[in-house]
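The structure appears below as structure tokens.
The values are calculated or read from the model by the stated rules, or taken from the named source; none is laboratory data. Note that the structure is predicted; figures quoted are calculated from it, not measured. Here the Cβ is made from the backbone with ideal geometry for all residues, glycine too, and neighbour counts use every protein chain on show.
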Amino acid sequence: MMKERLRMGSYRIGIDFGGTKIEIAALGMDGAELIRRRISNPGNYTAAIQAMCDLIHGVDSELGGTGTVGIGIPGSISPDIGVIKNANATWLNNQPLNRDMSAALGREVRIENDANCFALSEAIDGAGAGFHSVFGVIIGTGMGAGIVIDRKLLIGRNHIAGEWGHTPLPWPRIEEFPMPKCFCGNEGCMERFLSGSALAQDWKGPGHRSAAHIEEEAAAGDITAIGALDRYMDRMARACAMAINFMDPDVIVLGGGVSNLDTLYERVPHLMRRYIITPDCRTPIVRNRHGDSSGVRGAAWLWDDHHTDA
């Protein structure tokens, strides 16, 4: 009966489960947005499940159907025991969210990491549409990535494919030592050099989290802003070169707050060539198309391979 209802659905439901908000959207089969809603995240496991179920039932009632459901979360599911791991909303960790959400809703749901949802959204009908392989990167307060091949996410055996931010900064400079400690327990992770908060701290010092207006300040002659941007562009070039050397994607799509820096697209493609093994690298680095909507859209697209147009 459940599968019969899913086949009848003419829309996909996506949920972006954030630390402070829960956003839902329904997409038509052509990707057109039909409905969008946002509420505060109650910050409690049981209440959050109920809140998501209420949102989904409201969408179904308004559209008069039964949509498939995908959920993007700031974490991932352990492939062995099926519980959430690595979520920054720590009360989600060790919870069987997929099982509990499916039981509460009465239909199967798909749950995926939010960076993977971003990459999938941009690969299907965003800045990476039409490319065979897409490396989608979110750079904000943290740093994550997803890999999409022919519109399918590469998940990996341990469900950690794309954890780009927790690999070491390549080709480190002497002045970058000692390597900063990361929350994951290691030292020198790229997230500690390339996140938005890392850029802010390099510019303004410890404790700062926002690098807003750094390009304007650099253009106005602020020496500290110029230096921070120079270091950041070189580090991003090294990071992109490493991704190209081991994966050779057709395109790199940037998202998150840092992706709004125009300097990235002007300088990084030239700087990274020094570190890439081939002398004629033409890998484009592009800004995302869907912005903050990519998370919820990507969650909806988790069911792309289970739908037909009939």
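Within the range 157-180, can one find any residue that is within 21 Å of residue 72 (Cα to Cα) and either loosely packed, with under 14 Cβ neighbours inside 10 Å or over 17 Å from the mean Cα position of the chain (by Cα) (or both)?
Scanning the range 157-180, I find at least one residue that is within 21 Å of residue 72 (Cα to Cα) and either loosely packed, with under 14 Cβ neighbours inside 10 Å or over 17 Å from the mean Cα position of the chain (by Cα) (or both), so the answer is yes.
Would you mention how many residues in the range 146-156 are more than 14 Å from residue 74 (Cβ to Cβ) and not in a loop (DSSP other than H, G, I, E, B)?
Count: 5.
Please go through (1) in contact with a helix residue (DSSP H, G or I) (Cβ under 8 Å, 6 or more places away or on another chain); (2) farther than 26 Å from residue 70 by Cβ for residue 230 and return the number of the only condition it doesn't satisfy.
Here residue 230 clears every test but (1).
In the range 240-259, what residues are touching a residue at least 24 places away in the same chain (Cβ under 8 Å) and assigned to a helix (DSSP H, G or I)?
The answer is 240, 241, 242, 243, 244, 245, 247, 257, 258, 259.
I'm trying to understand the selection: among the residues of the range 234-249, which are closer than 18 Å to residue 202 by Cβ and surrounded by 21 or more Cβ atoms within 10 Å (Cβ to Cβ)?
235, 236, 237, 238, 239
Working only within the range 62-75, note down all residues that are more than 18 Å from residue 39 (Cα to Cα) and modelled with pLDDT of 90 or more.
The answer is 63, 64, 65, 66, 67, 68.
Regarding residue 110, is this residue charged (D, E, K, R) and not in a helix (DSSP H, G or I)?
yes
Since residue 267 meets every condition but one in (1) touching a helix residue (DSSP H, G or I) at 6+ places or on another chain (Cβ under 7 Å); (2) among the basic types (Lys, Arg); (3) over 19 Å from residue 139 (Cα atoms), which condition does it not meet?
(3)
Would you point out which residue out of 237, 225 is assigned to a helix (DSSP H, G or I) and either under 23 Å from the mean Cα position of the chain (by Cα) or under 16 Å from residue 135 (Cα atoms) (or both)?
After applying the criteria, what remains is 237.
From the list 252, 277, exactly one residue is β-branched (Val, Ile, Thr), within 21 Å of residue 167 (Cβ to Cβ) and buried (at least 17 other Cβ atoms within 10 Å of the Cβ). Which is it?
That would be 252, the only listed residue that is β-branched (Val, Ile, Thr), within 21 Å of residue 167 (Cβ to Cβ) and buried (at least 17 other Cβ atoms within 10 Å of the Cβ).
Here is a check on your reading of the model: is residue 192 touching a helix residue (DSSP H, G or I) at 6+ places or on another chain (Cβ under 7 Å) and either under 21 Å from residue 17 (Cα atoms) or in a strand (DSSP E or B) (or both)?
Here the answer is no, as residue 192 does not meet what is asked.
Here is a list: 192, 231. Which entry is crowded, with 18+ Cβ neighbours inside 10 Å and more than 24 Å from residue 291 (Cβ to Cβ)?
192
Give the residue, chosen from 90, 20, 46, that is surrounded by fewer than 20 Cβ atoms within 10 Å (Cβ to Cβ) and under 25 Å from residue 157 (Cα atoms).
Every option except 90 fails the conditions.
Which residue pairs have Cβ atoms under 7 Å apart, sit 6 or more places apart or on different chains, and have a first residue in the range 274-286 that is more than 11 Å from residue 250 (Cβ to Cβ) and of a type outside the set (Val, Ile, Thr) and a second that is assigned to a loop (DSSP other than H, G, I, E, B) and modelled with pLDDT of 95 or more?
As it stands, the answer is 275/171, since those pairs meet every condition given.
Could you grab me the full set of residues in the range 70-87 that are in contact with a Phe, Trp or Tyr (Cβ under 8 Å, 6 or more places away or on another chain) and either aliphatic (A, V, I, L, M) or farther than 16 Å from residue 299 by Cα (or both)?
71, 73, listed by residue number.
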